[in-house]
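Here is the structure we will look at.
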2 protein chains.
Amino acid sequence: MSNDADRVEQAVQERRDLVNDAIADMLPIQRPERLYEASRYLLDAGGKRLRPAVLLLAAEAIEGVEPFAEDYRSFGDEDIDVMAAAVSIETIQSFTLIHDDIMDDDDVRRGVPAVHREYDLETAILAGDTLYSKAFECMLDTGAPADRTVRALDELATTCTRICEGQALDVEFEGRESVAPDEYIEMVEYKTAVLYAAAASIPAIVLGADDEVVEALCGYGLDVGRGFQIQDDLLDLTTPSDTLGKQRGSDLIEGKRTIISLHAREHGVNVDTLVPHERDAVTEDDIDAALDELDAAGSIEYAREMAQEYVDRGKNRLEILPDGEARRTLEAIADYLVEREY
Amino acid sequence: MSNDADRVEQAVQERRDLVNDAIADMLPIQRPERLYEASRYLLDAGGKRLRPAVLLLAAEAIEGVEPFAEDYRSFGDEDIDVMAAAVSIETIQSFTLIHDDIMDDDDVRRGVPAVHREYDLETAILAGDTLYSKAFECMLDTGAPADRTVRALDELATTCTRICEGQALDVEFEGRESVAPDEYIEMVEYKTAVLYAAAASIPAIVLGADDEVVEALCGYGLDVGRGFQIQDDLLDLTTPSDTLGKQRGSDLIEGKRTIISLHAREHGVNVDTLVPHERDAVTEDDIDAALDELDAAGSIEYAREMAQEYVDRGKNRLEILPDGEARRTLEAIADYLVEREY
């Protein structure tokens with residue numbers, strides 16, 4: 001576990017400064033300044049840059065090169081700017097966060113005020129819209145041959161549509177009596193996993209890899225993204241509040257649907273009464289008792305196994321790539337996502 | 001005048017049903033239904049489809065064919081789907097209206113409630129975001145060779161960025177002491193004219209026309225768009241309220257900047273005190289007196305001449321195209337925009 005975590009942390013961190021430099025280069029603060037400052041606000045506030053790291057590592061794994069053997073702005077024999085694609089993906093991620101925070105009326109993101117709080121609603125909508133088109137501009141800037149660029153833009157556009165559909169399904173599910181686990185997984189796929197799929201597969205597209213490689217990396221991203229979200233659902237129940245940075249069991253308290261509660265409901269557990277719905281009234285013992293009941297229903301094991309299955313499948317998909325440091329790090333990222341404790 | 005108006009009205013109306021059919025085909029109501037219903041709500045509420053008409057007429061003018069001689073979904077020798085490009089442009093237009101109405105907190109659009117009123121804020125943001133990526137998906141669907149598709153997508157992406165910048169400049173100007181006429185025209189260009197430029201030039205791109213044709217049509221769209229907005233500013237002062245569908249002189253009453261008020265301010269008119277700023281306190285005589293003062297300062301003539309210059313320049317740019325019905329209609333659209341009285 002610690003080996004995977006160390007390897008992942010190091011690989012992501014090593015690439016982070018390069019990604020940040022490219023963001024500053026490709027999304028400069030220009031006129032009208034306030035718009036571009038608002039557009040950059042969340043990007044500059046932090047973020048692990050996990051998706052760009054996946055994209056850059058996938059590029060290295062596809063070409064079978066050692067880490068940092070190639071310049072990301074002029075990568076491989078054809079001098080492809082894979083970093084432009086990485087910035088594009090991170091820009092989409094940032095746009096969705098800005099608009100999501102408005103929709104959920106969240107006040108804080110990455111330890112700073114949400115963009116619509118720091119600026120205003122109008123500027124936040126517009127900042128998101130600006131990042132949206134800038135992401136397409138970045139993806140147009142890889143220098144790849146036109147046929148590959150078209151395919152990369154197609155992947156980007158359909159990914160953005162899926163993310164919107166996933167967000168809409170999430171809203172729809174909140175108002176519904178029952179949601180089947182399959183529907184939940186589909187929502188997770190749309191809302192979260194497709195952007196990992198784009199991050200992993202677009203370097204294969206712009207580098208001109210075989211279709212099987214593109215599909216394998218797309219599948220890796222989908223599986224890893226699904227596993228990531230299920231693990232998030234588990235951690236909400238099992239990780240101490242101090243480590244989690246928020247109240248343990250929030251999903252249960254807020255009545256939020258997760259793969260665990262959906263399984264439990266299907267197996268006769270009255271999920272709605274597991275814990276009090278007022279945050280102040282909930283004790284650690286309440287959460288522990290709820291966890292015991294979910295465990296007894298097999299829901300914890302069900303989620304764990306599902307997350308592990310996705311991660312294993314995702315890792316297996318990488319076998320099509322040359323063995324090496326980059327591929328091993330992509331495997332470690334998959335393992336890390338289900339092994340992490342917060 | 002009436003000849004132009006008739007020709008334009010007929011040309012736009014003849015193409016409207018085909019555009020609407022293509023919208024229904026390319027943006028079907030699918031799961032999640034509520035999201036797609038909200039995305040289609042404003043598109044289905046009406047709209048002249050002026051920009052798609054410009055795009056389709058430009059395609060006909062470029063190829064030098066008679067109106068409706070070719071199927072728009074399989075146009076010219078190479079069977080290009082120019083209608084997909086037309087739907088893309090209208091989809092962008094609709095996305096900007098949905099988000100603009102949220103930003104301006106407007107209640108009504110095209111005679112129906114704004115999307116964030118008919119649905120809710122969350123759904124309206126998401127509907128706009130969905131149309132945004134759908135517009136790129138449509139532009140990927142023309143069947144043009146990859147190099148032209150890349151160029152069309154580049155034009156679309158930079159157009160979207162410009163529209164956001166124009167909206168941000170508009171907001172910025174509202175809070176500023178003084179705005180130079182040049183700055184105002186630049187804002188109009190970004191916010192309004194670039195989408196006409198995209199509508200006029202993208203058919204040339206996807207049909208593989210020479211660069212000079214692409215540039216001429218881009219210039220036509222920019223000029224026509226600028227002229228259109230200046231004429232709108234004039235009509236706000238000169239057209240009777242009944243015909244205008246809103247209070248004559250609204251821009252003055254609301255203290256909104258227009259090319260007329262900016263010119264007047266530069267020529268010593270105290271624009272802020274021209275009319276009372278409470279709508280109920282304003283009489284027709286107040287507006288007439290203000291109009292006289294603006295006229296005496298030369299501001300009305302200045303705006304009229306500027307609009308006419310843009311329109312003439314726009315029309316002249318079309319000389320690169322083969323003479324024929326489609327080109328004459330594009331010329332008539334330019335004339336119509338400054339001749340219209342509402």
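The values are calculated or read from the model by the stated rules, or taken from the named source; none is laboratory data. All values reported here derive from a predicted model rather than from experimental measurement. FYI the Cβ positions are ideal-geometry reconstructions off the backbone, even for glycines, and counts take in every protein chain you see. The protein model used for the area step is the full one, side chains on, heavy atoms only, and it has no ligands, DNA or RNA in it. Shrake-Rupley method; radii C 1.70, N 1.55, O 1.52, S 1.80 Å.
Too long at a 20 Å Cα-Cα cut-off: which of A:LYS191/B:LYS191; A:LYS191/B:LYS134; A:LYS191/A:LYS256? Walk me through the numbers before you get to the answer.
Details: A:LYS191/B:LYS191 31 Å; A:LYS191/B:LYS134 17 Å; A:LYS191/A:LYS256 16 Å.
In this structure, A:LYS191/B:LYS191 exceed 20 Å between Cα atoms.
If you draw the axis that swings chain B onto chain A, which residue of B has its Cβ closest to it, and how far is that in whole Å?
Nearest residue, distance rounded to whole Å: B:ALA146, 2.
With a Förster radius of 60 Å, plug the Cβ-Cβ distance of B:ARG304 and A:LYS246 into 1/(1 + (r/R0)^6) and report the FRET value to the nearest 0.05. Show your work: numbers first, answer last.
On the way: r = 62 Å, r/R0 = 1.03.
For B:ARG304 and A:LYS246, the calculated efficiency is 0.45.
Per-residue ellipticity at 222 nm for chain A, helices alone: DSSP H runs ≥ 4 residues times -39500 (n - 2.57), over residue total, nearest 500 deg cm²/dmol? Don't skip to the end; give the middle numbers.
On the way: 16 runs with 238 residues, N = 342.
Counting only the DSSP helices, I get -22500 deg cm²/dmol.
Tell me the accessible surface of B:ILE163 in square angstrom (1.4 angstrom probe, heavy atoms of protein chains only), to the nearest ten.
Surface accessible to solvent at B:ILE163 totals approximately 20 Å².
Suppose every Lys and Arg Cβ carries +1 and every Asp and Glu Cβ carries -1, with no other charges. What dipole size does the protein assembly as shown come out with about its Cα centre, to the nearest 20 debye? Mind dumping the intermediate values first?
Values: 66 positive and 154 negative charges, 61 e Å.
With only Lys, Arg, Asp and Glu charged at Cβ, the dipole is about 300 debye.
Report the accessible area of B:ARG34, computed with a 1.4 Å probe over the heavy atoms of all protein chains in place, in Å² rounded to the nearest 10.
Roughly 120 Å² of B:ARG34 is accessible to a 1.4 Å probe.
In debye to the nearest 20, how big a dipole does chain A give about its Cα centre with +1 on each Lys and Arg Cβ and -1 on each Asp and Glu Cβ? Please report the intermediate quantities before stating the final value.
On the way: 33 positive and 77 negative charges, 139 e Å.
My answer is approximately 660 debye.
Starting from the Cα-Cα distance between B:ALA296 and B:TYR342, subtract it from 0.36 nm times their residue separation and give me the gain in nm to one decimal. Intermediate values should be presented prior to the final figure.
On the way: separation 46, 0.36 × 46 = 16.56 nm, distance 2.35 nm.
Additional length available on full extension: 14.2 nm.
Apply the a/c threshold of 1.5 to the C-alpha gyration tensor of the protein assembly as shown and tell me whether it is rounded, prolate or oblate. Write out the running numbers ahead of the final one.
On the way: a/c = 2.13, a/b = 1.61, b/c = 1.33.
The shape class here is prolate.
Express in whole angstrom the spacing between the alpha-carbon centres of segment B:78-150 and segment A:103-169.
Between the Cα centre of segment B:78-150 and that of segment A:103-169, the gap is 15 Å.
Dipole size in debye (nearest 20) for segment B:4-123 around its Cα centre, Lys and Arg Cβ +1, Asp and Glu Cβ -1?
Details: 13 positive and 29 negative charges, 59 e Å.
In debye, rounded to 20, segment B:4-123 gives about 280.
Could you state how much accessible area B:THR158 has, in square angstrom rounded to the nearest 10, with a 1.4 Å probe and all protein chains kept in place?
50 Å²
Give me the inter-chain shielding for A:241-248: mean count of other chain Cβ atoms within 10 Å, whole number please.
Details: counts 0, 0, 0, 0, 0, 0, 0, 0.
That average works out to 0.
Under a cut-off of 12 Å between alpha-carbon atoms, report the aspartates and glutamates in cross-link reach of B:LYS48, not counting same-chain residues fewer than 8 places apart.
B:GLU9, B:GLU14, B:ASP17, B:GLU90
Using a 1.4 Å probe and counting only protein heavy atoms, arrange A:PHE173, B:PHE68 so the residue with the most accessible area comes first.
Numbers: A:PHE173 5, B:PHE68 90 Å².
Descending order: B:PHE68, A:PHE173.
Compute the distance in nm between two label points, each set 7 Å from the Cα along the Cα-to-Cβ direction, one at A:GLN10 and one at B:THR283.
Placing both labels 7 Å beyond Cα along the Cβ direction yields 8.5 nm.
Please report the projected area of segment B:1-209's Cα convex hull averaged over all directions, in nm². Could you put the intermediate results ahead of the total?
Numbers: hull surface 51.6 nm².
Averaging across all directions leaves 12.9 nm² for the Cα convex hull.
With just the Cα atoms defining each centre, how far is segment A:210-275 from segment A:1-55? Give it in Å.
25 Å
Which residues does a label at A:ASP25 reach in segment A:140-159, if reach means a backbone N under 14 Å from a point 7 Å past the Cα toward the Cβ?
Once the point is set 7 Å along Cα→Cβ of A:ASP25, A:141-143 turn out to lie under 14 Å by backbone N, inside segment A:140-159.
If the label for A:ASP25 sits 7 angstrom from Cα along the Cα-to-Cβ line, what are its distances to the same label in every other copy, in nm to one decimal, shortest first?
4.4
For a Förster distance of 51 Å, can you work out the FRET efficiency between the beta-carbons of A:LEU235 and B:ASP211, rounded to the nearest 0.05? The partial results should precede the final answer.
Numbers: r = 56 Å, r/R0 = 1.10.
So, using R0 = 51 Å, E works out to roughly 0.35.
One decimal, nm, shortest first: give the distances between the label point of B:HIS267 and those of the same position in the other copies, each label point 7 Å from Cα along Cα→Cβ.
8.1
Work out how much length A:THR273 to A:ALA180 would gain on full extension: take 0.36 nm times their residue separation and subtract the Cα-Cα distance, in nm to one decimal. Don't jump to the answer; show the numbers that get you there.
Details: separation 93, 0.36 × 93 = 33.48 nm, distance 1.95 nm.
Result: 31.5 nm gained on full extension.
How many nm is it between the label spots at B:GLU118 and A:ALA69, if each spot is 7 Å from the Cα in line with the beta carbon?
5.7 nm
Please list, ordered by chain and number, the residues whose modelled amide H lies under 5 Å from the amide H of B:ILE80; skip anything fewer than 5 residues away on the same chain.
B:PHE75
What do you get for trypsin sites (Lys or Arg not before Pro) in segment A:258-342 restricted to DSSP loop and a cutoff of at most 10 other Cβ within 10 Å of the site's Cβ? Write down the numbers at each step before the final one.
Values: sites: A:ARG265, A:ARG279, A:ARG304, A:ARG313, A:LYS315, A:ARG317, A:ARG327, A:ARG328, A:ARG340; in loops: A:ARG340.
For trypsin sites (Lys or Arg not before Pro) across segment A:258-342 that sit outside H, G, I, E and B with at most 10 neighbouring Cβ atoms in 10 Å, the list is empty.
Rounded, prolate or oblate: pick one for segment A:159-310, where a ≥ b ≥ c are the square roots of the eigenvalues of its C-alpha gyration tensor, a/c under 1.5 means rounded, and failing that, prolate if a/b is larger than b/c, else oblate. Walk me through the numbers before you get to the answer.
On the way: a/c = 2.29, a/b = 2.08, b/c = 1.10.
Note, shape of segment A:159-310 comes out prolate.
Probe radius 1.4 Å, ligands and nucleic acids left out: which of B:CYS138, B:CYS218 has the largest accessible area, and how do the rest follow? Mind dumping the intermediate values first?
Working: B:CYS138 5, B:CYS218 35 Å².
In descending accessible area the options line up as B:CYS218, B:CYS138.
Provide an ascending nm list, one decimal, of label-point separations from B:ASP182 to the equivalent residue in each further copy; define each label point as 7 Å from Cα along Cα→Cβ.
Values, ascending and in nm: 6.4.
Given a cut-off of under 8 Å on Cα pairs at least six residues apart, what relative contact order in percent is computed for segment B:1-209? Spell out each step's value before the answer.
Values: 253 pairs, mean separation 51.6, N = 209.
Worked out over segment B:1-209, it gives 25 percent.
Have a look at A:GLY47, B:MET26, A:PRO32 and report the one farthest towards the positive end of the charge dipole of the protein assembly as shown, computed about the Cα centre with Cβ charges (Lys/Arg +1, Asp/Glu -1).
Selected residue: B:MET26.
Kindly identify segment A:73-193 as rounded, prolate or oblate by the Cα gyration tensor criterion: order the square roots of the eigenvalues as a ≥ b ≥ c, call it rounded if a/c is under 1.5, otherwise compare a/b with b/c, prolate if a/b is larger, else oblate. List each step's numbers first, then the result.
Values: a/c = 2.72, a/b = 1.42, b/c = 1.91.
Oblate.
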